[in-house]
1. When you look at VAL47, is it in contact (Cβ under 8 Å) with a residue 12 or more places away in the chain and within 14 Å of the chain's Cα centre (by Cα), yes or no?
2. Would you call ASP49 part of a loop (DSSP other than H, G, I, E, B) and either open to solvent by 10 Å² or more (accessible area, probe 1.4 Å) or in contact with a Lys or Arg (Cβ under 8 Å, 6 or more places away or on another chain) (or both)?
3. Would you mind finding the one in ILE40, ILE28 that is open to solvent by less than 60 Å² (accessible area, probe 1.4 Å), outside any helix (DSSP H, G or I) and out of contact with any Ser or Thr (no Cβ under 6 Å at 6 or more places or on another chain)?
4. Tell me which residues, restricted to the stretch 52-80, are at pLDDT 85 or above, open to solvent by 70 Å² or more (accessible area, probe 1.4 Å), of a type outside the set (Lys, Arg) and closer than 20 Å to GLY10 by Cβ.
Amino acid sequence: GPLTLVIDNGWASAPDWDAMTATANRLIDAAERADLPVSISFTADPVQDGTPVSAASAREKLAAGQPRSLPTERARAAEALKTSL
C-alpha cells in the first residue's frame with residue numbers, strides 16, 4: 001500500500017519542524033524508489049485530504065506544510081486517511 005504519513009503541525013511541533021520534515025522527505029524518497037504512492041495528513045490543517053499521490057506531489061504538499069497555532073485534530077487526520085485509503 002501507500003506510505004502513510006500523519007504529521008503533527010500544531011504549535012508544539014515548531015521547534016522540531018525541520019527534523020520532522022527531513023525525516024518525512026527521506027521516507028518519501030524511499031517510497032519513490034519502491035514506486036509507492038504517498039499519503040500525507042497534517043494534524044492541524046482545517047481541511048484533511050489523505051488521498052495517495054505521487055512522491056513528487058507529496059514533496060510539494062510537505063513543503064507547503066507549516067506549524068500552525070491551532071489545536072491538533074489527530075482523530076480527524078486519521079479519519080481522513082482511513083477514508084482516503
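The values are calculated or read from the model by the stated rules, or taken from the named source; none is laboratory data. Being a predicted model, the structure only gives us computed values, none of them experimental. Cβ atoms come from the backbone with ideal geometry, glycine included; neighbour counts cover every protein chain shown. For the accessible areas, the whole protein counts, side chains as well, though only heavy atoms, and no ligand, DNA or RNA atoms are used. Shrake-Rupley method; radii C 1.70, N 1.55, O 1.52, S 1.80 Å.
1. no
2. Values: part of a loop (DSSP other than H, G, I, E, B): yes; either open to solvent by 10 Å² or more (accessible area, probe 1.4 Å) or in contact with a Lys or Arg (Cβ under 8 Å, 6 or more places away or on another chain) (or both): yes.
Yes.
3. On the way: ILE28 fails: outside any helix (DSSP H, G or I).
Testing whether each residue is open to solvent by less than 60 Å² (accessible area, probe 1.4 Å), outside any helix (DSSP H, G or I) and out of contact with any Ser or Thr (no Cβ under 6 Å at 6 or more places or on another chain) leaves just ILE40.
4. Scanning the stretch 52-80 gives ALA63, ALA64, GLN66, SER69.
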